[in-house]
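Notes follow the structure.
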Amino acid sequence: MLVSQRIRAIKPSPTLAINAKAVSMRQAGVDVISFGVGEPDFDTPKHIRDEAVRAMEEGFTRYTAVGGIPELKDAIIEKFRRDNNLSYERDEVMVSCGGKHVLYNLAQALLNPGDEVIIPAPYWVSYPPIVVLAGADPVIVGTGEADDFKLSPESLETAITPRTRLLILNSPSNPTGSVYTESQIEALADVILKYDIWVVSDEIYEKLIFDDRPFWSIAQVSEEVKSKTFVINGLSKTYAMTGWRIGYAAGAREIIAGMTKIQSQSTSNPNSIAQKAAVAALNGPQDSIQAMLRAFDQRRKYLLERLNGITGVHCNVPGGAFYAFPDFSYYFNTKMEGTTIKNSTDLCEYLLTEAHVALVPGIAFGDDNFVRFSYATGLETIKEGLDRIEDALGKLV
Ligand code: PMP
Ligand code: GLU
């Protein structure tokens, strides 16, 4: 075996793998409908693109400060003040190449081998591998559909051991769309303070919440809780900027300095042009977010109605993000031409080959009874995709 133990301990990102498979099927001429990868299907707003062009034309094409240009750090600080009533200094924030990279840097800077990190399931696919790559141990704590897939303070407390160092919270959640309320966040914060553990609050879907419900960051609970919290956010989802690779973190300056050190020895600064575009995104008009949210909401409602109309399928109402996470286990142990569908992977494989519809199996998020739909695709496509799924399910015996 040539590759390191570290590489052998993880798998490639399943969401990105499914996206690659759908793309290659399309290139081979297959008409694939993808509910696979989670990225907005909208263009990056024009004023943001214009700023990137201007930066390029003006020669802003060299190395920058490793942790981000001061102008961008200030725009991030202002965003926290404006949106979350949180105040940070420049040395408490840093910019990396996407939210995923921020999490990677944080795990490298905070965790030691043997540390335990509590990850509520269903979880975003990259949390456990990022923890493993830092030599620490993910501790998965299941949540149920009946509790809207939210971690309760009781199950958090039960999972804590003397080795627990960190909890990863994600609201709105990928893949369930669940949004924690203020009181639910406060109850978790009490446990965090009681056991003096750190918390990562992954707020990348902060702006994608439906029905005018408010967003609560755990860092807002109190100064004491804020001092134990690393907020992670990014531009990918809010401004349809997945390819630009800009994410940011805010939290304890000592760890931010450690993350900057890791970054200085790995990627160096995030792309200079994308940083300028990010300043325009954070400081400029925010109306594109509302337009995107309205489109997502329309799709969410349609998708939910259709999913809950399929025999044996049920789906909780996602309060945010652009995912639905329905239970498809009714179809386990059914057969197609002698082959038995045993789990979410078999079902997604079947729907991809039979119906040419790409979905992510729930097992990738730590719950095998479910399947994830990303509805970052047009209404007509969603309709056609569901028609195909219903046809294909109808062939199972
Ligand atoms: N956190 C969650 C929950 C996500 O779904 C994503 C999407 N990939 C990210 C972080 C990171 O996104 P990015 O690296 O594009 O900023
Ligand atoms: N977060 C998105 C998803 O879950 C993008 C892919 C990825 O980075 O994993 O599909």
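The values are calculated or read from the model by the stated rules, or taken from the named source; none is laboratory data. Quick caveat, the model's predicted, so the values are computed rather than measured. Cβ placement follows ideal geometry from the backbone for every residue including glycine, while neighbour counts extend to all protein chains displayed.
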### Message
With the requirement that a residue be outside any loop (DSSP other than H, G, I, E, B) and over 23 Å from G319 (Cβ atoms), what does the stretch 191-212 give you?
### Response
L193, K194, Y195, W198
### Query
Which condition number in (1) assigned to a helix (DSSP H, G or I); (2) free of Cβ contacts under 8 Å to residues at least 12 places away in the same chain; (3) touching a helix residue (DSSP H, G or I) at 6+ places or on another chain (Cβ under 8 Å); (4) not acidic (D, E) is the one that S87 fails?
(1)
### When residues of the stretch 107-131 are limited to those that are in a helix (DSSP H, G or I) and away from ligand 2 (no atom under 16 Å from the Cβ), the one surrounded by the fewest Cβ atoms within 10 Å (Cβ to Cβ)
Q108
### Task
State the number of residues belonging to the stretch 298-323 that are part of a helix (DSSP H, G or I) and either within 22 Å of K395 (Cβ to Cβ) or more than 18 Å from the chain's Cα centre (by Cα) (or both).
10
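Table: residues versus (1) touching a strand residue (DSSP E or B) at 6+ places or on another chain (Cβ under 7 Å); (2) without any contact (Cβ under 8 Å) to a residue 60 or more places away in the chain; (3) within 16 Å of ligand 2 (Cβ to nearest atom); (4) farther than 24 Å from P45 by Cβ.
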| residue | (1), (2), (3), (4) |
| --- | --- |
| I204 | yes, no, yes, no |
| K207 | no, no, yes, no |
| Q220 | no, no, no, yes |
| E224 | no, yes, no, yes |
| K228 | yes, yes, no, yes |
| N233 | yes, no, yes, no |
| T238 | no, yes, yes, no |
| G243 | no, yes, yes, no |
| E254 | no, yes, no, yes |
### Task
Could you tell me whether the stretch 19-35 includes any residue that is under 22 Å from the mean Cα position of the chain (by Cα) and either assigned to a loop (DSSP other than H, G, I, E, B) or among the acidic types (D, E) (or both)?
yes
#### Entry: Qualifying positions in the stretch 351-364 - touching a residue at least 40 places away in the same chain (Cβ under 8 Å) and surrounded by fewer than 20 Cβ atoms within 10 Å (Cβ to Cβ)
E354, H356
### Message
Looking at the stretch 63-71, can you tell me whether even one residue there is under 15 Å from L235 (Cβ atoms), within 24 Å of the chain's Cα centre (by Cα) and buried (at least 19 other Cβ atoms within 10 Å of the Cβ)?
### Response
yes
### Query
When the stretch 1-18 is examined, which residues are found to be farther than 17 Å from V360 by Cβ, in a helix (DSSP H, G or I) and either at pLDDT below 90 or hydrophobic (A, V, I, L, M, F, W, C) (or both)?
I7
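Name the residue, out of E186, E182, that is more than 16 Å from ligand 2 (Cβ to nearest atom), in contact (Cβ under 8 Å) with a residue 12 or more places away in the chain, over 30 Å from A291 (Cα atoms) and of a type in the set (D, E, K, R).
So the residue among E186, E182 that is more than 16 Å from ligand 2 (Cβ to nearest atom), in contact (Cβ under 8 Å) with a residue 12 or more places away in the chain, over 30 Å from A291 (Cα atoms) and of a type in the set (D, E, K, R) is E186.
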### the stretch 266-279: number of residues that are under 23 Å from the mean Cα position of the chain (by Cα), assigned to a helix (DSSP H, G or I) and farther than 12 Å from K79 by Cα
3
### Query
Cβ-Cβ below 8 Å, separation at least six or inter-chain, first residue in the stretch 323-342 and among the hydrophobic types (A, V, I, L, M, F, W, C), second exposed (fewer than 15 other Cβ atoms within 10 Å of the Cβ) and not in a helix (DSSP H, G or I): which pairs?
F328/G312; F332/K342; M336/K395; M336/V397; I341/N333; I341/K335
### Query
If you scan the stretch 231-255, which residues turn out to be of a type outside the set (V, I, T) and assigned to a strand (DSSP E or B)?
N233, G234, G247, Y248, A249, A250
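Could you check how many residues of the stretch 42-62 are surrounded by fewer than 17 Cβ atoms within 10 Å (Cβ to Cβ), touching a residue at least 40 places away in the same chain (Cβ under 8 Å) and within 29 Å of I382 (Cα to Cα)? Steps first, please.
So in the stretch 42-62, the residues surrounded by fewer than 17 Cβ atoms within 10 Å (Cβ to Cβ) come out as 42-43, 46-47, 49-50, 53-54, 56-62.
Adding the requirement that they be touching a residue at least 40 places away in the same chain (Cβ under 8 Å) leaves 42-43, 47, 49-50, 54, 56, 60-62.
Now restrict to residues that are within 29 Å of I382 (Cα to Cα): 42-43, 49.
Total meeting the criteria: 3.
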